[in-house]
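Before any comments, here is the structure.
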Amino acid sequence: MKKVSIPNRRQKLKIVDTFIDVMCTRESFLMIGHQNPDEDCVASMVAFSLLMTKFHRDQAIVLNRENWDKFPYLLSIAKYNSIRVIGSPEEIGDEYDTVIAFDTPKPDMLDFYIDLKPLFSRDEILVMEIDHHLEADGEYIGNEGYRLVDDASSTCELIGYLAVKLEKKRHIVKEFGIGEIFSRNFVLSIVTGMVGDSKMGQFLKSRREKRYYRYFSRLFNKMLIRKTDKDSGNFSSIEDILSELEKLSGEEESCCLDFMKYKKAKGPMAWITLNEDESSPIIERYDMDIIVTVAKYTANLLAEESGYVSLVSFYDPPGKSDLIQLRMRRSQNFKTLDLREVIASLGITNGGGHEGAVGFRVPRGEVEDFPAFIDGIVAGTVKMVVLD
């Protein structure tokens, strides 16, 4: 079933109340996100887990161990708050009564999805979902009535919305002895997800998204500044977090230089598209996590350089998948084109994202002429940019 926005405020509040009721009554929670997670995915799992600690519930986060070094301070928050992080399928276990999926467009994109399917199929397990992806190939994961899925700058924004409503339920706060909902670590997690997904609101399109983003970012920024010792060396503002997220390691910088050798630009687009032969030496030299990070980073660079839209692509290693990976980004100063409409116009169904950034995949067996395939994407995108 295609994901759609929640039709009205009344329905959204009803879903939030359902989530709060579950937090008050269920006992053990497993938090899961998507493969190759980004900041919003991991931050949303950490933020919700922090809320659950206030209800004294058992919880664990599923995050493939190979991704742990990408999110050091978020995992430090989890460790500091005694939140268990599961790094492999063997560690998952079956002691949960509730599973919550975060920031994931459809079931088969979940981390360790095959291993989790038996857990999902158990009658006593409640499956819930919090997500902001609304796209053509999106598919609900949570049980009906337990889906906080709506237009938002990020999944973390939706958790922030839930927390604001929870704070107003004074009888629940009193019953569970909750001293403070908006702790520094909770605020830091929420801000990290919002900033990471929208680059401080630069890639938002609708008035509603911009309004909610401004409200929550200002609210959380004020809280973060108030709760941080200026001399501690910790993050004290949204700008500090964005700066940290945009840093590249030495190996990432080297990989970025290898990508940039293939840069092309024409009119309103700039692109880096590596064919199979060009992808091979990069795949041999760098880990896939580094390549994915650099693909996102160079897409951001090229989007701002062109002033409109960028495209970055590479071939997956044959042993990993038979897919060609592609990513598009929109410049922060170009607001009139929804990139989800671009991939829909190209007839591509395996992919999605939000207005300002999309990722999509194509089986290599369906691409006989790679240069012609890329030329078609560029020409189609340029046409839509000009039309807008």
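The values are calculated or read from the model by the stated rules, or taken from the named source; none is laboratory data. Predicted, not measured: the structure shown is a model, and the values here were computed from it. Quick reminder, even Gly has a Cβ in these numbers, built from the backbone with ideal geometry, and neighbours come from all protein chains shown.
Details
- When 77, 125, 83 are screened for being surrounded by fewer than 18 Cβ atoms within 10 Å (Cβ to Cβ) and β-branched (Val, Ile, Thr), only 125 passes.
- For the stretch 341-356, a residue qualifies if it is surrounded by fewer than 23 Cβ atoms within 10 Å (Cβ to Cβ) and either out of contact with any helix residue (DSSP H, G or I) (no Cβ under 8 Å at 6 or more places or on another chain) or aliphatic (A, V, I, L, M) (or both), and the qualifying residues are 342, 344, 346, 347, 348, 349, 350.
- Residue in the stretch 90-102 that is crowded, with 19+ Cβ neighbours inside 10 Å, β-branched (Val, Ile, Thr) and either under 16 Å from residue 189 (Cα atoms) or in the same structural domain as residue 358 (by TED's automatic domain parsing) (or both) present: no
- A count restricted to the stretch 106-134 and to residues that are in a strand (DSSP E or B) and of a type in the set (A, V, I, L, M, F, W, C) stands at 5.
- Residue satisfying all of: in the stretch 82-105; part of a helix (DSSP H, G or I) and out of contact with any helix residue (DSSP H, G or I) (no Cβ under 7 Å at 6 or more places or on another chain); nearest to residue 58 (Cα to Cα) among these: 91
- Taken over the stretch 317-333, residues that are outside any loop (DSSP other than H, G, I, E, B) and either over 19 Å from the mean Cα position of the chain (by Cα) or over 28 Å from residue 283 (Cα atoms) (or both) amount to 2.
- Count - residues of the stretch 54-74 that are at pLDDT 90 or above and either part of a helix (DSSP H, G or I) or of a type in the set (Val, Ile, Thr) (or both): 4
- Residue that is surrounded by the most Cβ atoms within 10 Å (Cβ to Cβ), among those in the stretch 24-41 that are part of a helix (DSSP H, G or I) and in contact (Cβ under 8 Å) with a residue 40 or more places away in the chain: 41
- Options 373, 360, 314; residue that is outside the structural domain of residue 194 (by TED's automatic domain parsing), in a strand (DSSP E or B) and farther than 28 Å from residue 152 by Cβ: 314
- In the set (1) under 25 Å from residue 104 (Cα atoms); (2) touching a residue at least 60 places away in the same chain (Cβ under 8 Å); (3) surrounded by fewer than 20 Cβ atoms within 10 Å (Cβ to Cβ), the condition left unmet by residue 300 is number (3).
- Residue match in the stretch 266-280 (condition: basic (Lys, Arg), outside the structural domain of residue 74 (by TED's automatic domain parsing) and under 17 Å from residue 376 (Cα atoms)): yes
- Check on residue 137, modelled with pLDDT of 90 or more, surrounded by fewer than 23 Cβ atoms within 10 Å (Cβ to Cβ) and farther than 25 Å from residue 173 by Cβ: no
- Tally, over the stretch 294-323, of residues that are within 22 Å of residue 257 (Cβ to Cβ) and touching a helix residue (DSSP H, G or I) at 6+ places or on another chain (Cβ under 6 Å): 7
- For the stretch 87-112, a residue qualifies if it is within 23 Å of residue 159 (Cα to Cα) and more than 17 Å from the chain's Cα centre (by Cα), and the qualifying residues are 96, 97, 98, 99.
- Here residue 160 meets each of (1) touching a strand residue (DSSP E or B) at 6+ places or on another chain (Cβ under 8 Å); (2) under 29 Å from residue 183 (Cβ atoms); (3) not charged (D, E, K, R) with one exception, condition (1).
- Criterion (assigned to a loop (DSSP other than H, G, I, E, B), closer than 20 Å to residue 3 by Cα, assigned by TED's automatic domain parsing to the domain that holds residue 268 and not acidic (Asp, Glu)) met by exactly one of 349, 336: 349
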